[in-house]
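**Student:** There's a structure below that I have some questions on.
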Amino acid sequence: TERTLSIIKPDATKRNLTGKINAKFEEAGLRIVAQKRIHLSKEQVGVFYAVHKERPFYDELCEFMASAPVVVQVLEGEGAISKNREVMGATNPADAAEGTIRAEFAESVGENSVHGSDAPETAAEEISYFFAGLELV
Ligand code: ATP
Ligand code: MG
């Protein structure tokens, strides 16, 4: 079984949507095998989103992700990476399919409630950025 890194973003934690979002994961067959609430510094977000450094929204994205606590989690299941992205829906909530997390909860293309790894290599990297081996069973 595959694992992926998920983040419940500040717009969602602020509105107490963690439980509703977790219910979507579990209904889709994704198991939450690790989870913690942390408040990232802007610098820590910058490292995490370094691939987007040259994008026009990078600074805004770092400010937003450091604006309030997030919930970082590891989801496990068959095809977890693509299944999670399916449950999340398109980046822009206006394009997200009905029933997806972003369609139901996201506020805008930036404040879009969740992050999910996009490939096996990034999933492994992102999981090890937030979780120590001893925290993962
Ligand atoms: P994520 O990586 O967070 O799972 P994603 O893979 O759907 O989302 P990316 O293209 O990797 O989308 O963008 C990373 C994040 O940057 C988005 O989730 C969103 O929060 C923010 N973002 C993307 N495009 C824009 C934009 N045009 N304006 C503002 N913020 C944006
Ligand atoms: Mg992405």
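The values are calculated or read from the model by the stated rules, or taken from the named source; none is laboratory data. A quick note: this is a predicted structure, and the numbers were derived from the prediction, not measured. Neighbour counts run over all protein chains shown; Cβ positions are idealised from the backbone, glycine included. Remember, those area values only see protein heavy atoms, side chains included, never the ligands or the DNA or RNA. Shrake-Rupley method; radii C 1.70, N 1.55, O 1.52, S 1.80 Å.
**Student:** Quick check on my filter: what residues within the range 25-44 are of a type outside the set (Gly, Ala, Ser) and open to solvent by 40 Å² or more (accessible area, probe 1.4 Å)?
**Tutor:** Residues satisfying the conditions are 26, 27, 31, 32, 35, 36, 37, 38, 39, 42, 43, 44.
**Student:** Any residue in the range 74-90 that is exposed (fewer than 12 other Cβ atoms within 10 Å of the Cβ) and over 19 Å from residue 10 (Cβ atoms)? Please lay out each step first, then the result.
**Tutor:** In the first step, residues of the range 74-90 are kept if they are exposed (fewer than 12 other Cβ atoms within 10 Å of the Cβ); the result is 78.
Retained after the next criterion (residues that are over 19 Å from residue 10 (Cβ atoms)): 78.
Within the range 74-90, one or more residues are exposed (fewer than 12 other Cβ atoms within 10 Å of the Cβ) and over 19 Å from residue 10 (Cβ atoms).
**Student:** Considering every residue within the range 110-120, establish whether at least one is loosely packed, with under 14 Cβ neighbours inside 10 Å, in contact with a helix residue (DSSP H, G or I) (Cβ under 9 Å, 6 or more places away or on another chain) and of a type in the set (Gly, Ala, Ser).
**Tutor:** The answer is yes; a qualifying residue exists.
**Student:** Among the residues that make up the range 45-65, is at least one of them open to solvent by less than 30 Å² (accessible area, probe 1.4 Å), modelled with pLDDT of 95 or more and either charged (D, E, K, R) or in contact with a strand residue (DSSP E or B) (Cβ under 7 Å, 6 or more places away or on another chain) (or both)?
**Tutor:** Checked the range 45-65: no residue is open to solvent by less than 30 Å² (accessible area, probe 1.4 Å), modelled with pLDDT of 95 or more and either charged (D, E, K, R) or in contact with a strand residue (DSSP E or B) (Cβ under 7 Å, 6 or more places away or on another chain) (or both).
**Student:** From the residues in the range 108-123 that are more than 10 Å from ligand 1 (Cβ to nearest atom) and in contact (Cβ under 8 Å) with a residue 12 or more places away in the chain, which one is nearest to the chain's Cα centre (by Cα)?
**Tutor:** Looking at residues that are more than 10 Å from ligand 1 (Cβ to nearest atom) and in contact (Cβ under 8 Å) with a residue 12 or more places away in the chain, I get 123.
**Student:** Further question: Just checking: which of the helices (runs of 4 or more DSSP H) contained wholly in the range 45-106 hold 2 or more residues that are within 15 Å of residue 21 (Cα to Cα) and within 14 Å of ligand 2 (Cβ to nearest atom)?
**Tutor:** 80-88
**Student:** Taking the conditions exactly as written (part of a loop (DSSP other than H, G, I, E, B) and within 14 Å of the chain's Cα centre (by Cα)), does residue 40 satisfy them or not?
**Tutor:** Spelling it out, residue 40 is indeed part of a loop (DSSP other than H, G, I, E, B) and within 14 Å of the chain's Cα centre (by Cα).
**Student:** Considering (1) open to solvent by 10 Å² or more (accessible area, probe 1.4 Å); (2) out of contact with any Leu (no Cβ under 9 Å at 6 or more places or on another chain); (3) of a type outside the set (Val, Ile, Thr); (4) under 20 Å from residue 105 (Cβ atoms), say which one residue 10 fails and leave the rest.
**Tutor:** Looking at each condition in turn, residue 10 falls short on (1).
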